[in-house]
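Taking it in order: structure first as structure tokens, then the write-up.
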Amino acid sequence: MSPQYWNDRVRAQLAQVVEEGRWRAPRAFDARGPQGTLEGTDVVSFASNDYLGLSDHPTVRAAAHAAIDRWGTGAGASRLVTGSRPIHAELEEELARWKGSEAAVCFPTGFAANLGVLSVLGGPGVHVFSDELNHASIIDGCRMSLATVTVYRHRDLDHLEALLQANDANRKPSLVVTDSVFSMDGDVAPLEELVTICTRHGALLVIDEAHAVLGPHLESSAFPGINPSTVVRVGTLSKTLGSLGGFVAASRDIVDLLINRARSYIFSTALPPADAAAALAAVHVLCSGEGEALVDRLASMVQRMSAAKVAPPGHPSPIVPVILGSEQTAIEASAALLAHGIWVPAIRPPTVPVGTSRLRVTLSASHRDEDVAGLIDVLQSLPVPESVGAGAR
């Protein structure tokens with residue numbers, strides 16, 4: 001190979017991205033909360049995953065400041081070397097209590113948590129069954145696991161049951177993995193039925209609860225027959241809790257196995273103490289009366305979107321997709337919103353399938369009533385292609 005080979009190869013791939021109309025670049029958003037400045041223009045963002053606005057909560061910010069004053073800005077090493085601080089253990093104990101599990105362990109990101117869980121609990125000889133609309137971190141974790149992987153149709157319990165029955169004959173251990181709230185469509189997994197099916201087939205159930213700020217919640221009171229040793233719950237600290245990081249809540253044995261086998265845990269520098277402290281404070285807020293009020297406010301905003309027929313009736317999450325079909329239509333719709341001071345980036349392939357480009361609207365309890373009213377007004381004025389249909393909103 002000539003010295004020019006890699007330069008030419010990279011440039012050719014960049015040119016392909018441009019030719020496909022899919023060039024993207026980060027845009028600096030100078031903001032604290034949903035209101036801020038985007039390249040000199042005042043805007044309100046409806047694209048953040050900070051669902052309860054806890055990233056700007058005074059108690060959460062104060063906890064992060066105090067942690068920096070005590071431990072500095074970084075952990076300096078992985079958790080199994082010198083990276084563990086007392087705040088990490090405190091956070092894990094509180095996360096386990098919050099999720100009703102025996103134990104919990106934190107990872108640097110939610111992505112790393114899924115990689116760790118699936119690479120450790122999957123593996124050669126295991127058959128993994130994954131919902132077709134699962135997050136990219138689950139897809140990559142399945143690939144890294146070296147397990148046999150079968151994708152089942154989205155939320156199709158009959159399809160999953162048939163696949164598990166066929167696998168029973170092969171006597172392979174089975175693992176079912178699903179998002180609880182799907183990140184691009186905002187719909188939810190049928191958790192009660194999944195628990196029943198997995199129990200019937202002896203399958204381990206892994207649930208990514210990253211976006212489950214409004215539920216569904218896998219609580220023992222709602223699922224009295226659940227075996228805690230056969231359910232693994234993955235979450236993030238960066239969405240509902242407004243910080244950074246990921247975690248796994250499960251049985252003590254599974255958590256101990258992850259600590260000793262998960263490469264994304266063993267070989268990553270620990271979560272910065274300030275992020276751990278912020279997440280711990282956020283859990284305390286969430287589990288208080290104030291947290292309940294924030295969740296109720298967020299739920300009322302979703303109901304408002306449904307009442308305006310921007311979201312379907314009874315929509316279960318703060319993720320509201322406005323599916324517009326073509327990439328160009330989605331880009332133009334995003335530009336139309338921005339002209340009104342509302343920032344909702346267009347979501348296009350490969351993030352979503354071809355022909356389903358969309359606006360992915362996300363709501364936060366920190367949005368003002370007038371922000372939501374303005375959003376609804378502009379969305380209602382957008383033309384929806386007949387091939388997509390108004391019901392796609």
Once normalised by the length of segment 58-286, the mean sequence separation of its alpha carbon contacts under 8 Å that are 6 or more apart gives a contact order in percent of 33
Farthest towards the positive end of the dipole of the chain, among A336, A279, L294 and with Cβ unit charges of +1 on Lys and Arg and -1 on Asp and Glu, lies the Cα of A279
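Placing unit charges on C-beta atoms (Lys and Arg positive, Asp and Glu negative, everything else neutral), compute the dipole magnitude of segment 129-237 about its Cα centre in debye, rounded to 20.
Working: 7 positive and 15 negative charges, 93 e Å.
Dipole of segment 129-237, to the nearest 20 debye: 440 debye.
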Here, R24 and S78, labelled 7 Å along Cα→Cβ, have an inter-label distance in nm of 3.0
Within segment 58-286, the percent of DSSP beta bridges that are antiparallel, given to the nearest 5, stands at 40
About its Cα centre, segment 58-286 carries a charge dipole, from +1 on Lys and Arg Cβ atoms and -1 on Asp and Glu Cβ atoms, whose size in debye to the nearest 20 is 660
hull vol. (C-alpha, convex hull) per residue for segment 58-286, Å³ -> 108
Extension length gain for E161 and T59 (0.36 nm per residue less Cα distance), in nm, is 32.1 nm
FRET efficiency (A136, V17; Cβ distance; R0 22 Å; to 0.05) is 0.80
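How would R61, R261, R360 line up from fewest to most surrounding beta-carbon atoms within 10 angstrom? Write down the numbers at each step before the final one.
On the way: R61 17, R261 14, R360 22.
Fewest to most other Cβ atoms nearby, the residues stand as R261, R61, R360.
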Taking the chain and counting helices only, DSSP H stretches of n ≥ 4 at -39,500 (n - 2.57) each over all residues, the nearest-500 ellipticity at 222 nm comes to -13000 deg cm²/dmol
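Report, in debye and to the nearest 20, how large the dipole of the chain comes out about its Cα centre when Lys and Arg carry +1 and Asp and Glu carry -1 on their Cβ. Can you show the working numbers first?
Numbers: 31 positive and 42 negative charges, 170 e Å.
Rounded to the nearest 20 debye, it is 820 debye.
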Between D168 and R9, the two model label points (7 Å from Cα along the beta-carbon direction) sit apart by a distance in nm of 4.8
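What full-extension length gain, to one decimal in nm, is calculated for E102 and E39 as 0.36 nm per residue of separation minus the Cα-Cα distance? Don't skip to the end; give the middle numbers.
Details: separation 63, 0.36 × 63 = 22.68 nm, distance 4.69 nm.
Answer, rounded to one decimal: 18.0 nm.
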Cα extents of the chain per principal axis, largest first, Å, are 61, 54, 53
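Over the chain, what is the percentage of antiparallel beta bridges among all DSSP beta bridges, to the nearest 5?
Details: 26 of 46 bridges.
The antiparallel proportion sits near 55 percent.
With an 8 Å Cα cut-off and a minimum separation of 6 or more residues, compute the relative contact order for the chain in percent. Please list the in-between numbers first.
Details: 742 pairs, mean separation 87.4, N = 393.
The normalised contact order for the chain reaches 22 percent.
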Taking a straight Cα-to-Cα line shorter than 14 Å from K99, and setting aside same-chain aspartates and glutamates fewer than 8 residues away, one finds D208, E209, E219
Relative contact order of segment 190-294 (C-alpha contacts under 8 Å, at least 6 apart) in percent is 20
One finds the C-alpha centres of segment 230-269 and segment 344-386 to be spaced, in Å, by 31
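Order of V378, V44 from fewest to most other C-beta atoms within 10 Å? Please list the in-between numbers first.
Values: V378 17, V44 23.
Listing V378, V44 from fewest to most nearby Cβ atoms yields V378, V44.
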Averaging 1/r across every pair of distinct alpha carbons in segment 289-393 and inverting yields a Kirkwood hydrodynamic radius, in angstrom, of 14.1
Taking a crude spin-label model, label points 7 Å out from Cα along the C-beta direction, the T351 to E219 distance in nm is 3.3
Most exposed to least, judged by fewest other Cβ atoms within 10 Å, C287, C198 sort to C287, C198
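Computed from the coordinates by the stated procedures, all read-outs in this text should not be read as laboratory data. Predicted model only: the values in this text are computed from it and were never measured. Here the Cβ is made from the backbone with ideal geometry for all residues, glycine too, and neighbour counts use every protein chain on show.
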